[in-house]
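Participant: Mind looking over this structure? Questions follow.
We did not get these values from a lab; they are worked out from the coordinates using the rules stated. Keep in mind that what you see is a predicted model, and the values were worked out from it rather than measured. Quick reminder, even Gly has a Cβ in these numbers, built from the backbone with ideal geometry, and neighbours come from all protein chains shown.
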Amino acid sequence: MSNPRTAAFYYGSTQPGAASAADAADASATGFAWCARLARRQAQRLLPQRCALCVAPVADGLLCDACRATLPTLDPACPRCALPTPDGLECGACLADPPPFAATLAAHAYAFPVDRLLQALKYHGRLALAEWAGLALAQRVRRALPERSLRACAPLLVPLPLAAARQRERGFNQAQLIALAAARELALPLADALARPRATAPQAGLPWSQRLRNVHGAFVARRRLDDRDVVLVDDVMTTGATLRAAAVAATAAGARRVDCWVVARTLPPRPP
Ligand SMILES: [Zn+2]
Ligand SMILES: [Zn+2]
């Protein structure tokens with residue numbers, strides 16, 4: 001932990017009163033500090049090398065400026081679910097069936113090449129990409145929220161957990177690594193506050209209509225979140241069913257407000 005901001009973050013002193021000792025114990029107890037160190041080492045090895053997309057030389061980061069500028073975004077978007085809407089107004093789906101979270105920020109659309117980058121992280125263990133994803137998320141947050149309001153609410157970042165068997169099989173949780181990079185960049189507290197006690201069928205293999213039922217009750221809180229503003233962090237939001245289930249668990253644990261921050265948002269399928 002050579003980065004003083006990281007150290008402060010772990011010991012809960014970045015935001016006085018915001019990151020409790022419980023947050024710190026929680027964060028270190030889960031062991032993702034180890035994963036983060038590994039990711040950072042990988043990132044540092046890659047830093048002076050080549051863009052992950054076009055192999056142009058890069059001085060800073062994993063992507064060159066030209067590639068970063070062309071990554072797909074969703075603006076203007078529904079403030080609640082981050083799907084594109086004219087003028088950035090709340091979408092009809094959110095008005096008709098309000099989700100249990102207040103707002104969603106998505107750094108990118110889940111489309112080429114963002115989909116390939118996130119798949120390389122998740123399925124091929126390119127852990128250095130978590131650093132890119134966390135920084136992309138932090139930049140999106142900074143564009144949306146004034147620094148003052150971010151400091152005022154000092155939300156607690158909570159990565160979406162994997163079920164234990166899935167985490168063992170993968171060896172890491174990409175949402176934890178992304179949340180850690182974003183929390184460090186934004187100097188916000190982070191806690192592994194939710195658990196996923198039972199394995200569910202992979203959402204990717206299910207029709208959209210069955211996904212909400214599949215993850216219903218899948219999450220439980222590992223601690224109280226009374227009067228905290230909570231931000232759920234994940235790599236991709238597809239239907240939003242998983243984040244809905246997690247938001248219900250956070251609210252049941254006392255969270256005052258729940259938001260979602262995701263690296264990428266999937267566009268709904270076009271009607272046939
Ligand atoms: Zn490039
Ligand atoms: Zn919406």
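Participant: Once amide H atoms are built 1.01 Å from N in the peptide plane, which residues 5 or more positions from residue 192, or in another chain, come under 5 Å H to H?
Facilitator: 27
Participant: Does a label point 7 Å from the Cα of residue 97, set along Cα-to-beta-carbon, have any residues of segment 233-262 with amide nitrogen under 18 Å, and which are they?
Facilitator: 237-249
Participant: With θ taken as phi - 60° and the coefficients 6.51, -1.76 and 1.60, list the Karplus ³J(HN,Hα) couplings across segment 75-82 in order, rounded to whole Hz; mark glycine and proline as x.
Facilitator: Computed from phi, the couplings for segment 75-82 are 6, x, 9, 4, x, 8, 10, 6 Hz.
Participant: How large is the charge dipole for segment 106-200, taken about the Cα centre, if only the Cβ atoms of Lys, Arg (+1) and Asp, Glu (-1) carry charge, to the nearest 20 debye?
Facilitator: Computed about the Cα centre, the dipole is about 120 debye.
Participant: When ranked by the protection proxy of mean other Cβ atoms within 10 Å per residue, highest first, what sequence do the peptides 209-219, 128-138 form?
Facilitator: Descending mean neighbour count gives 128-138, 209-219.
Participant: Kindly write out, for segment 97-104 in residue order, the coupling ³J(HN,Hα) from the Karplus curve 6.51 cos²θ - 1.76 cosθ + 1.60 (θ = phi - 60°), rounded to whole Hz, with x marking Gly and Pro.
Facilitator: Whole-Hz 3J(HN,Hα) from phi for segment 97-104: 9, x, x, x, 10, 7, 7, 10.
Participant: Moving to a separate point now. So if each residue of separation counts as 0.36 nm, and I subtract the Cα-Cα distance between residue 75 and residue 198, what length gain in nm does that give?
Facilitator: That pair, residue 75 and residue 198, stretches by 40.7 nm at full extension.
Participant: At q = 0.10, 0.18, 0.19, 0.22 Å⁻¹, what log₁₀ I(q)/I(0) does a Debye calculation on the Cα points of segment 65-195 give, no solvent, two decimals?
Facilitator: Here the Debye-derived log intensity ratios amount to -0.36, -1.19, -1.29, -1.46.
Participant: Rounded to the nearest 0.05, what FRET efficiency do residue 124 and residue 65 give with R0 = 41 Å and r taken as the Cβ-Cβ distance? Could you check?
Facilitator: Computed FRET efficiency for residue 124 and residue 65: 0.95.
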